[in-house]
Amino acid sequence: MSLNDHPMKFAHLLRYVTPHRGTLALILLLLLAGGAISLANPWIAGQLTAIILDSAQGRFSLTFILLAWSGLLLFRAVIGFANQYLIGVTGESMSAELRNRVYEHLQVLPLGYYQDRKPGDLLSLLANDSEIISGFVTGTLVQLLPQLFVFAGAFLMMALIDIQLALLAAILLPAYFVAMKVIGRRIRPITGRWIDAWSSMYAFAQENVALIPAIKAFGREPAERARFREHNRAVLGHSRQQIRLQALLSPSVSFLSGIGMLLLLWLGLQHVEQGRIDAAELVSLLLYAMLLAQPLSGLANVYGQVMLTRGAADRLLDFFSVQPEPVSIGQPPLVAGDGRIEYQNVSFAYPGRSPVLEDFSLVIQPGETIALTGPNGAGKTTLVHLLLRFMEPRGGRILINGQDIAEVDITSLRSQVGLVAQHTLLFNGTVRENICYGCPDATDAEMKKAAFAAQAHGFIDELPDGYETVIGDQGVKLSGGQRQRVSLARTLLRQPAILVFDEATSMLDPFGESDLVSQCKEIFRLKTVILITHRPGTLELADRIIQLDPLPQRQA
Ligand SMILES: Nc1ncnc2c1ncn2[C@@H]1O[C@H](COP(=O)(O)OP(=O)(O)OP(=O)(O)O)[C@@H](O)[C@H]1O
């Protein structure tokens, strides 16, 4: 599929260029000025040769020419500095904006998108592809016109000196383009494979770092090392192929242009002998011919860069075209109410799997605490994930306070349903930051009240820095039960009308659990609560126990 056939169109990516068009235009002007100086050099060299050979063409004094030349070189140096600076800064700002946009889109994608992909692939969009796009704009696109300008200028100057030799140089050009095309065409798929291999390696390393305890416990270090080496070998293999082709590209073009120069020199000398041009003009002409070849090797890189950028643009556009979670702009908020929940004939199946729920109905009265129990895989977590609209049901509907949740603003819905998940998800920050994650403006007293209710205050107080203790990645510096309590406090602090505990007490010791149960009875009296649990201590809290049984397996 070509980029313009892409559902989101290549123009979408140009949005990141538009805010910088002023700076890019300035860069372009400076590059053109640099190009003009490059075009002046061969002419000056011709004048110098004329003076040295004492030819009639030497119209300026040696001192004047040297001074003027020095001035031009200084001017080019200043332009070079300005350009390098502007190109660097603009490129970096563009990639930063693109990275922001990628990250924003990541945040609004449905949970299922993450479950189907490796984190490394997503991170590669941030790390590689955003850079490639901005690098193309600042490193290739803006350079194109100045290169063409130098090319056309050099050709024109040659034609003014000797039209035959100028045409000969122009006739030799297709050879360069053939070399560029043949090699350039092979670079693109290799780059795509290199990026794929790189993201697989990254994803593998990331997963392994998270699974270190399991790897150590099962003594799998040597096997994992070997698997990493395998991934790394694939990355290296593709890099080698890519580097080989890229390395081949410029020298091939240089070789062809060198041969062309020799041919030109040979014919030029004959024209000098025939008196059609003088030696000074031949010097200028040869230098112009070199200038002609210079943008060509630049253009050879353009081809490789375009191929590389098309790959990155394809991946980014694919990513941006993934539908975000159902947008709720303009949808009314979920009106705060007494917390009545009603599942009406709800059906759901994960993609490619047999149905988990079919025609499921359940009414949970305001202030009621129900325990949801049943065998593993029966669909208990799925049921509460549907309540939070992490996924959408295939059939039926779910009402809260009489409002269909499919028709309310998703943020207002999630602010009223507090989930304490089966796997605690804590950030690498302080205990305070973790508890206040959903309510950054909570006061110290409110935070501590939530921590007391979750029976977490006692152990937090004994931590080296109390609430300011950093708990490590995923809270590794806390015990499993402590993590659950922090996560519970985080949810309680939001004071949602509906509380969902998805095996949230599974790691608490029996005493801790009974303490928590009595504490929670106090809290739960005011809220609608769904407890997913198998533990008798927690079941005791429930007004009603709902047994969920798995549906008979059948083909999706
Ligand atoms: N992201 C997913 N993609 C595909 N299938 C899934 C996904 N998540 C869960 N399932 C499947 O859906 C079914 C219900 O899973 P769910 O997590 O809701 O069960 P559960 O009753 O909460 O189980 P447990 O008691 O083990 O926590 C299971 O068969 C599971 O394999």
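The values are calculated or read from the model by the stated rules, or taken from the named source; none is laboratory data. Quick caveat: nothing in here was measured; it's all calculated off a predicted structure. Here Cβ is always computed from backbone atoms with ideal geometry, including for glycine, and neighbour counts include all displayed protein chains. Keep in mind that these areas ignore ligands, DNA and RNA; they rest on the heavy atoms of the full protein, side chains included. Shrake-Rupley method; radii C 1.70, N 1.55, O 1.52, S 1.80 Å.
Brief remarks follow.
- Considering region 454-500, and only residues there that are assigned to a loop (DSSP other than H, G, I, E, B), in contact (Cβ under 8 Å) with a residue 60 or more places away in the chain and hydrophobic (A, V, I, L, M, F, W, C), the residue that is most open to solvent (accessible area, probe 1.4 Å) turns out to be A497.
- Some residue of region 257-271 being touching a Ser or Thr at 6+ places or on another chain (Cβ under 9 Å) and assigned to a helix (DSSP H, G or I): yes
- Count of residues meeting criterion [closer than 10 Å to S487 by Cα and open to solvent by 20 Å² or more (accessible area, probe 1.4 Å)] in region 400-421: 2
- L282, sole failed condition from (1) within 30 Å of V182 (Cβ to Cβ); (2) modelled with pLDDT of 90 or more; (3) crowded, with 16+ Cβ neighbours inside 10 Å; (4) not hydroxyl-bearing (S, T, Y): (1)
Let's see how each residue does on (1) under 24 Å from Y467 (Cα atoms); (2) at pLDDT 75 or above; (3) in contact with a strand residue (DSSP E or B) (Cβ under 8 Å, 6 or more places away or on another chain):
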site: V486; (1), (2), (3): yes, yes, no
site: E513; (1), (2), (3): yes, no, no
site: F524; (1), (2), (3): no, no, yes
site: L541; (1), (2), (3): no, yes, yes
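- Scanning region 428-443 for residues that are in contact (Cβ under 8 Å) with a residue 40 or more places away in the chain and either open to solvent by 70 Å² or more (accessible area, probe 1.4 Å) or among the hydroxyl-bearing types (S, T, Y) (or both) turns up N428, T430, Y437.
- Scanning region 406-437 for residues that are β-branched (V, I, T), in a helix (DSSP H, G or I) and modelled with pLDDT under 90 turns up I410, T411.
- Matching residues, region 529-553, being among the β-branched types (V, I, T), within 13 Å of the ligand (Cβ to nearest atom) and either assigned to a strand (DSSP E or B) or under 29 Å from G352 (Cβ atoms) (or both): I530, I532, I546
- Residue tally, condition open to solvent by 40 Å² or more (accessible area, probe 1.4 Å) and within 32 Å of the chain's Cα centre (by Cα), over region 317-350: 11
- Scanning region 359-385 for residues that are under 15 Å from A421 (Cα atoms) and either out of contact with any helix residue (DSSP H, G or I) (no Cβ under 9 Å at 6 or more places or on another chain) or away from the ligand (no atom under 14 Å from the Cβ) (or both) gives G379, K380, T381, T382, L383, V384.
- Given (1) surrounded by fewer than 20 Cβ atoms within 10 Å (Cβ to Cβ); (2) of a type outside the set (A, V, I, L, M, F, W, C); (3) within 30 Å of the chain's Cα centre (by Cα), index of the condition Q164 fails: (3)
- Restricting R389, R353 to residues that are within 16 Å of the ligand (Cβ to nearest atom) and under 26 Å from the mean Cα position of the chain (by Cα) narrows the list to R389.
- Test: residue in region 444-453 that is outside any helix (DSSP H, G or I), open to solvent by 50 Å² or more (accessible area, probe 1.4 Å) and either of a type in the set (F, W, Y) or touching an Asp or Glu at 6+ places or on another chain (Cβ under 9 Å) (or both): no
- Neighbours by Cβ (under 7 Å, 6+ apart or cross-chain): first from region 399-411, more than 12 Å from L388 (Cβ to Cβ); second at pLDDT below 90 and part of a helix (DSSP H, G or I): none
- Considering R244, R229, R188, R220, the condition of being out of contact with any strand residue (DSSP E or B) (no Cβ under 8 Å at 6 or more places or on another chain) and touching a residue at least 40 places away in the same chain (Cβ under 8 Å) is satisfied by R188 alone.
- T49 vs. criteria open to solvent by less than 20 Å² (accessible area, probe 1.4 Å), in contact (Cβ under 8 Å) with a residue 24 or more places away in the chain and either of a type in the set (K, R) or assigned to a helix (DSSP H, G or I) (or both): no
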